[in-house]
Structure formats: C-alpha cells, structure tokens
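What follows is a short report on a single structure.
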Amino acid sequence: MTILKENEIVTIIDADYDGFFKVISPKNITQSLVKSKKFILVALIEPIDMDKFKEFLFKQTGIDARDDQENVHISIEPHRLQLAESLS
C-alpha cells in the first residue's frame, strides 16, 4: 500500500465527482464500525475547488454547505485515491 504525503494532489478512483483534492493528513486511524474492534487507515483530503465540490455535494445529497466559510474535509481509505500526476 502506498502511503500518501501531505499536500499531494489526488483524485478519488471511480467517484462521481471528477475534481481534485489535496491531502491534508495522510495517516489517520478510524474505527470501521462503532461496535467493531477493527480499525482502518484513512487519509483526510480537501477539495481543491471548494465551491464546485460544495455544489456537487448539494446536488448529490441535499447537504447545503455552499454558504459555509469552513472547508469540507473527507476521510477516505488511501487505496481509493490516485495521484493526480499519474493521470497525465
């Protein structure tokens, strides 16, 4: 498994959203299920184009963060990410 580095630019593999993300924190541990004793490694990412992502989020889920000044962060398993430079 490749460990990502902070500030690398990535995309999500097989995602509906086609934008780019910046890795905020590459090595985080989270519990997979509340009652489970299993933990998984996740990366924390942030959309590069925050306005575009917030619009996508609203259209897909109804969650309206478009007027929020806070950035959106996403926890995701690193194997679901691809380095953007590998797309060129």
Inset, instruction - Could you check which residue among 11, 61, 30 shows the biggest mean-square fluctuation in a GNM of the chain with a 10 Å Cα cutoff? - result: 61
Legend entry - Sulfur and carbon atoms: percent of accessible area, the chain [1.4 Å]: 50
Inset, instruction - Kindly give Rg over Rh for the chain, based on alpha-carbon atoms, with the Kirkwood expression for the hydrodynamic radius. - result: 0.99
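So, for the chain, what is the accessible surface per residue at a probe of 1.4 Å, expressed in square angstrom? Walk me through the intermediate numbers first.
Numbers: 6310 Å² over 88 residues.
Spelled out: the 1.4 Å probe surface of the chain, per residue, equals 72 Å².
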Inset, instruction - Find out how many positive minus negative residues lie around residue 65, taking Lys and Arg as positive, Asp and Glu as negative, among other residues whose Cβ is under 14 Å from that of residue 65. - result: -4
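If you take every residue apart from residue 5 with its C-beta less than 15 Å away from the C-beta of residue 5, what net charge results, scoring Lys and Arg +1 and Asp and Glu -1?
Working: positive: 22, 27; negative: 6, 8, 46, 85.
Net of charged neighbours comes to -2.
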Legend entry - Hits among lysines - C-alpha to C-alpha of residue 37 under 23 Å, sequence gap 8 or more where chains match: 27
Inset, instruction - List the aspartates and glutamates whose Cα lies under 20 Å from the Cα of residue 54, skipping any in the same chain that are fewer than 8 positions away. - result: 14, 16, 18, 46, 64, 67, 68, 70
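The values are calculated or read from the model by the stated rules, or taken from the named source; none is laboratory data. Keep in mind that this is a model prediction, so the values were computed, not measured. When we count neighbours, we look across all protein chains shown, and the Cβ atoms used for this are built from the backbone with ideal geometry, even at glycine. Accessible surface is based on the protein model in full, side chains and every heavy atom, while ligands, DNA and RNA are left aside. Shrake-Rupley method; radii C 1.70, N 1.55, O 1.52, S 1.80 Å.
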